[in-house]
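Q: I have a structure here, written as structure tokens, and I will follow up with some questions on it.
The values are calculated or read from the model by the stated rules, or taken from the named source; none is laboratory data. This is a predicted model, so every value here is computed, not measured. Virtual Cβ from ideal backbone geometry, glycine too; neighbours counted across all protein chains shown. Accessible surface areas use protein heavy atoms only, side chains included; no ligands, DNA or RNA. Shrake-Rupley method; radii C 1.70, N 1.55, O 1.52, S 1.80 Å.
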Amino acid sequence: MVNRKLIKELLSESACSHNKTKKVSCDKPKPGATSGGCAFEGAQIALFPYADAVHLVHSPAICLGASWETRATLTSFKGENNTVLGYCTDITTNDVIFGGDKKLEESLDYIITNKNPNAIFVYETCVTAMIGDDMDNVCGRVEQKHGIPIVVVHSPGFVGNKNLGSRLGGEAVLGHLIGTKEPKEVHPFGINLIGEYNATGDMWQYIPILEKIGIKVVSTLAGDGRIENIQMAHRAKLNVIVCAKSLITLCRKMQEQYEIPYISISFYGKRDTTNAIMSIVNAFGDEELIKKAKIVIAQEEAKLEDALRDYKKVLNGKKAILNTGGNKSWSIASALQDIGVEVVATSIAKATLEDIEIAKSYVPILIKSPANEQSKLIDEHGVDILLAGGRSLYTAIKKKIAFVDVNQEKKVSYGAYSGLINLAKDVVDALNNPVFKVVGTKAPWEIA
């Protein structure tokens, strides 16, 4: 069942920068606030990239009938990828009256028999939380019966938004998986990547660089993750939060329980990627590691500048507006600046207080209400291109400017040095795309 004390703790996270001097709620739910993404969705986002686990939603089918291509979180797992399949207990009116415990147990037995997963995440939702199904008891019995981890994620949508749901997912992993298995050996420069979902393969852009320097990724939460690796995460020497501040609670608790320090970085853009790598090696304080990192960074930056030379000629003097959510409000802005684009404004409608503070250092104008401010700013500043989610395409068409979709639906990675080349190519292609010019002209019958 929902732990009210835990919810209160997660809503007033002491490690959040805005709580250092004043205790304020991180994302206290308000009526209607979860319509743009509830706690259940946030928990799924945090945990879905574990492809070697089955994700079972204990709910009516309306919460999750199928999850095919829910998020473009890529995996190198060689077995069946269970993130693209929808598993749901399909709670009905009859189950609401008599309870859904039996259906949950039968579903778990079926999954274990037919899918042979390395673990099962079971998500509590609004309906099953309100009818009081004893999910912990049922999952505990099935876990003992079959001998595989079954992790209950208490994430009913009504407790808060996506940010809180991600924290609840982290709590479930910390309480049930982390520290339950020991590695054969402990790497001196082992790290955990926290909040990296490997959307379009972002982490594959920079992990080879880290390995080249001598850093080992012990586990990820949860991009291209493996259950066995996250069980051994307590033996890493450093936790690296990749943009997603929602999992800072997990890192604070791992620091308290396992004495693992943590840092927060971004791998978007040339400057931030370089700063991220140096932050990691500096955290270890090993002189040889730092020296090797500087050599590798110099090599990567030189290759990057060669690849960007022609793109920058086109992008010089171009202006852009960003309408994205969360950390993208500043991370994409940083990347655009690195390829020569002036970022006029960025939306902070879905950003945390910490993201807003960071965005201020990158972009002069922060948009609170994109629907009201976006079009006006495009006209006032002579903006050339809009980068946003797919719904903003029509604003770009109406204003006769180029458009690039930078939401999770995009198909290429913008992470690290090589991802910056992809971003530059997409922006240049959009600016040169005749479609945006054609749709902005008058139809033949409108021409006098």
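Each row is one residue, and each column tells you yes or no for (1) within 30 Å of Ile367 (Cα to Cα); (2) outside the structural domain of Ile365 (by TED's automatic domain parsing); (3) in contact (Cβ under 8 Å) with a residue 40 or more places away in the chain; (4) part of a helix (DSSP H, G or I).
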{"residue": "Ile280", "(1), (2), (3), (4)": "no, yes, yes, yes"}
{"residue": "Ala283", "(1), (2), (3), (4)": "no, yes, yes, yes"}
{"residue": "Ile290", "(1), (2), (3), (4)": "no, yes, no, yes"}
{"residue": "Ile295", "(1), (2), (3), (4)": "no, yes, no, yes"}
{"residue": "Asp306", "(1), (2), (3), (4)": "no, yes, no, yes"}
{"residue": "Leu322", "(1), (2), (3), (4)": "yes, no, yes, no"}
{"residue": "Gly326", "(1), (2), (3), (4)": "yes, no, yes, no"}
{"residue": "Ile332", "(1), (2), (3), (4)": "yes, no, yes, yes"}
{"residue": "Ala335", "(1), (2), (3), (4)": "yes, no, yes, yes"}
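Q: Restrict the check to region 371-383 and report whether at least one residue is in contact (Cβ under 8 Å) with a residue 24 or more places away in the chain, under 26 Å from the mean Cα position of the chain (by Cα) and open to solvent by less than 60 Å² (accessible area, probe 1.4 Å).
A: Yes, region 371-383 contains at least one residue that is in contact (Cβ under 8 Å) with a residue 24 or more places away in the chain, under 26 Å from the mean Cα position of the chain (by Cα) and open to solvent by less than 60 Å² (accessible area, probe 1.4 Å).
Q: Please state which one of Lys425, Lys350, Lys442, Lys398 is assigned to a helix (DSSP H, G or I), over 18 Å from Asp202 (Cα atoms) and either free of Cβ contacts under 8 Å to residues at least 24 places away in the same chain or not assigned by TED's automatic domain parsing to the domain that holds Gly195 (or both).
A: Numbers: Lys425 fails: over 18 Å from Asp202 (Cα atoms); Lys350 fails: assigned to a helix (DSSP H, G or I); Lys442 fails: assigned to a helix (DSSP H, G or I).
Answer to the check: Lys398.
Q: Pairs needed: first member in region 196-218, under 16 Å from Ala335 (Cβ atoms) and among the charged types (D, E, K, R); second member anywhere, at pLDDT below 95 and part of a loop (DSSP other than H, G, I, E, B); C-beta distance under 6 Å; at least 6 residues apart or different chains.
A: These pairs meet every condition: Asp202/Ser413.
Q: Residue check: is Asn407 touching a helix residue (DSSP H, G or I) at 6+ places or on another chain (Cβ under 8 Å), open to solvent by 10 Å² or more (accessible area, probe 1.4 Å) and not in a strand (DSSP E or B)? Let's see the steps before the verdict.
A: Numbers: touching a helix residue (DSSP H, G or I) at 6+ places or on another chain (Cβ under 8 Å): yes; open to solvent by 10 Å² or more (accessible area, probe 1.4 Å): yes; not in a strand (DSSP E or B): yes.
Here the answer is yes, as Asn407 does meet what is asked.
Q: Being open to solvent by less than 60 Å² (accessible area, probe 1.4 Å) and either touching an Asp or Glu at 6+ places or on another chain (Cβ under 8 Å) or not polar (S, T, N, Q) (or both) narrows it down to one of Tyr394, Tyr414, so name that one. Break it down into steps so the answer makes sense when it comes.
A: Working: Tyr394 fails: open to solvent by less than 60 Å² (accessible area, probe 1.4 Å).
The match here is Tyr414.
Q: Another question, if that's okay. Step by step: first the residues of region 258-277, then only those that are assigned to a helix (DSSP H, G or I) and touching a Phe, Trp or Tyr at 6+ places or on another chain (Cβ under 6 Å), then the one that is surrounded by the fewest Cβ atoms within 10 Å (Cβ to Cβ). Which residue is that?
A: Residues of region 258-277 assigned to a helix (DSSP H, G or I): 258, 270-277.
Next cut, touching a Phe, Trp or Tyr at 6+ places or on another chain (Cβ under 6 Å) only: 273, 276.
Values: Thr273: 29, Ala276: 23.
Here the residue is Ala276.
Q: Still on this model: I need every pair where a residue in region 86-104 that is in the same structural domain as Phe48 (by TED's automatic domain parsing) has its Cβ under 7 Å from the Cβ of a residue that is of a type outside the set (A, V, I, L, M, F, W, C) and exposed (fewer than 15 other Cβ atoms within 10 Å of the Cβ), sequence separation at least 6 or different chains.
A: Between residues of region 86-104 that are in the same structural domain as Phe48 (by TED's automatic domain parsing) and residues that are of a type outside the set (A, V, I, L, M, F, W, C) and exposed (fewer than 15 other Cβ atoms within 10 Å of the Cβ), the close pairs are Gly86/Gly65; Cys88/Gly65; Asp101/Asp134.
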